[in-house]
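Worksheet: one structure, shown below.
The values are calculated or read from the model by the stated rules, or taken from the named source; none is laboratory data. Just so it is clear, the structure is predicted and the values come from calculations on it, not from any experiment. Cβ atoms come from the backbone with ideal geometry, glycine included; neighbour counts cover every protein chain shown.
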Amino acid sequence: MIKENIRVVNSTGLHARPAATLIKAVKKYQSSVMLVNNGKTIELKGLMSVLGAGVKGNSNIEIICEGSDEHDAMSEIKGLFASGFGEKE
């Protein structure tokens with residue numbers, strides 16, 4: 001299991017488009033991926049779970065990956081957040 005603190009760099013947070021991009025990425029991996037926001041842990045399985053996390057822009061979250069390809073999954077997820085899901089100002 002690996003954990004990373006990640007900054008949400010896009011000002012709009014995880015609304016529908018970036019949430020869909022994140023879920024599409026997560027589904028490529030065998031590992032389970034969890035998102036921790038304001039003390040609430042959500043398993044990233046579908047779009048509604050991400051939207052329900054209420055991740056605001058310019059905030060910090062924790063991502064937890066666990067499984068056989070956890071390092072690959074974490075690497076891709078960190079890249080998505082770093083790029084602001086293409087919405088970086």
For this session: Quickly run through the range 57-89 and pick out the residues that are closer than 17 Å to GLU4 by Cβ and among the hydroxyl-bearing types (Ser, Thr, Tyr).
Result: SER59, SER75, SER83
Problem set entry | Flag if SER49 is in a loop (DSSP other than H, G, I, E, B), over 10 Å from the mean Cα position of the chain (by Cα) and surrounded by fewer than 18 Cβ atoms within 10 Å (Cβ to Cβ) | no
Exercise. Where residues in the range 52-74 are assigned to a loop (DSSP other than H, G, I, E, B) and of a type outside the set (Gly, Ala, Ser), which of them is modelled with the lowest pLDDT?
Worked result: ASN58
Problem set entry | Subset of the range 20-44 [assigned to a loop (DSSP other than H, G, I, E, B) and surrounded by 14 or more Cβ atoms within 10 Å (Cβ to Cβ)] | TYR29, SER31, LEU44
For this session: Please specify each residue of the range 9-19 satisfying the condition of being under 10 Å from the mean Cα position of the chain (by Cα) and either free of Cβ contacts under 8 Å to residues at least 40 places away in the same chain or assigned to a loop (DSSP other than H, G, I, E, B) (or both).
Result: LEU14, ALA19
Exercise. Residue check, ASN5 against (1) at pLDDT 95 or above; (2) not in a strand (DSSP E or B), all met but one. Which one?
Worked result: (2)
Exercise. Listed residues LYS3, LYS45; which is free of Cβ contacts under 8 Å to residues at least 24 places away in the same chain and among the charged types (D, E, K, R)?
Worked result: LYS45
